[in-house]
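Asker: Below you will find the structure I want to go over with you.
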Amino acid sequence: MNLPAEIADACAPLFGALPLDQTMHRLVGSRPHHVELVERVLEHPALTDRPELAAGLWLYVDDLDRSHTISQGIDDATGSYWHGIMHRREGDFSNSHYWMRRVAAHPLLVSHPELDPDGLIDQVATEKGLDSPALVERQRNEWMTLFEWCASQS
């Protein structure tokens, strides 16, 4: 991942224990894991007062409830993006579309239209519980791209 050094250092214990290619393997549903490790990582000074990164890290370990609580309190397009991802991952596709409509002008989507969050919601909904490798990879790429973007913002 392309992260600023202080963010990369803060997240290193989590990403070392749980590499990106081994996480978020389910498109819908969650079984939170590595919760204690995320709690410790979030104590790092580089991550304090960075709720957008915390919301992403909780999604990374499938803790949809904690991610939801945090993203719901971020009153901007980035918070709405994390919020929409969380609702997609819980299988609430209409609610996910609602939040993604609030994200349409997000700077990340302007520079990365291929992310197409609404299209991803529709594809996951069509899968009906199947975790196709191509969509899981797309989910991971979406997470990584948004997390990197958030980390790069001061």
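Please treat every number below as a calculation from the coordinates, not as lab data. Quick caveat: nothing in here was measured; it's all calculated off a predicted structure. Glycine gets a Cβ as well: all are built from the backbone with ideal geometry, and neighbour counts include every protein chain shown.
Asker: Neighbour counts of other C-beta atoms within 10 Å: give me Ser67, Ser111, Ser80 arranged from fewest to most. If you can, show how the numbers build up before the last one.
Answerer: On the way: Ser67 26, Ser111 11, Ser80 21.
Ordered by Cβ neighbours within 10 Å, fewest first: Ser111, Ser80, Ser67.
Asker: Which angle from 0 to 90°, rounded to the nearest 10, does the C-alpha axis of helix 77-90 make with the longest principal axis of the chain?
Answerer: Helix 77-90 and the main axis of the chain meet at about 70 degrees.
Asker: Please arrange Met144, Met1, Met100 by counting, for each residue, the other beta carbons lying within 10 Å of its beta carbon, fewest first. Before the final figure, lay out each step's value.
Answerer: Numbers: Met144 17, Met1 12, Met100 24.
Taking fewest neighbouring Cβ atoms as first place, the list is Met1, Met144, Met100.
Asker: So, one more: So if I place +1 on the C-beta of Lys and Arg and -1 on the C-beta of Asp and Glu, and nothing else carries charge, what would the dipole magnitude of the range 111-154 be about its Cα centre? I want it in debye, nearest 20.
Answerer: Details: 3 positive and 9 negative charges, 23 e Å.
With only Lys, Arg, Asp and Glu charged at Cβ, the dipole is about 120 debye.
Asker: Once you charge only the Cβ atoms, +1 for Lys and Arg and -1 for Asp and Glu, what is the size of the charge dipole of the chain about its Cα centre, to the nearest 20 debye? Write down the numbers at each step before the final one.
Answerer: Working: 12 positive and 24 negative charges, 51 e Å.
Charge dipole of the chain: 240 debye, to the nearest 20.
Asker: Calculate the length of the line joining the C-alpha centroid of the range 93-151 to that of the range 54-91, in whole Å.
Answerer: 12
Asker: Starting from the exponent 0.38 and prefactor 2.2 Å, build the expected Rg for the chain from its residue count and divide its actual Cα Rg by it. Please list the in-between numbers first.
Answerer: Numbers: Rg = 14.2 Å, N = 154, 2.2 N^0.38 = 14.9 Å.
Dividing the Cα radius of gyration by 2.2 N^0.38 Å gives 0.95.
Asker: If you fit an axis through the alpha-carbon atoms of helix 117-127 and take the longest principal axis of the Cα set of the chain, what angle between them do you get, 0 to 90°, nearest 10?
Answerer: Helix 117-127 and the main axis of the chain meet at about 70 degrees.
Asker: Expressed as a rounded percentage, what relative contact order does the chain have, with Cα pairs under 8 Å and six or more residues apart?
Answerer: Values: 179 pairs, mean separation 42.1, N = 154.
Worked out over the chain, it gives 27 percent.
Asker: Related question: For the range 93-154, state which trypsin sites (Lys or Arg not before Pro) are in a DSSP loop and have at most 11 other beta carbons lying within 10 Å of their beta carbon.
Answerer: Numbers: sites: Arg101, Arg102, Lys128, Arg138, Arg140; in loops: Arg102, Lys128.
Sites meeting the loop and neighbour criteria: Lys128.
Asker: I would also like to ask the following. May I ask you to evaluate 6.51 cos²θ - 1.76 cosθ + 1.60, the Karplus curve with θ = phi - 60°, for each residue of the range 55-68 and list the ³J(HN,Hα) values in order in whole Hz, giving x for glycine and proline?
Answerer: Going residue by residue, I get 4, x, 5, 5, 5, 4, 9, 6, 9, 5, 4, 5, 4, 4 Hz, with x marking Gly and Pro.
Asker: Got a sec? Charge dipole of the range 21-154, +1 on Cβ for Lys and Arg, -1 for Asp and Glu; which of Ala134, Leu146, His33 is way out at the positive end?
Answerer: Sorting the options by dipole projection puts first Ala134.
Asker: Sort Val28, Val110 by Cβ crowding within 10 Å, fewest neighbours at the top. Display every interim value, and only then the final one.
Answerer: On the way: Val28 17, Val110 9.
Ranking Val28, Val110 by Cβ neighbours within 10 Å, fewest first, gives Val110, Val28.
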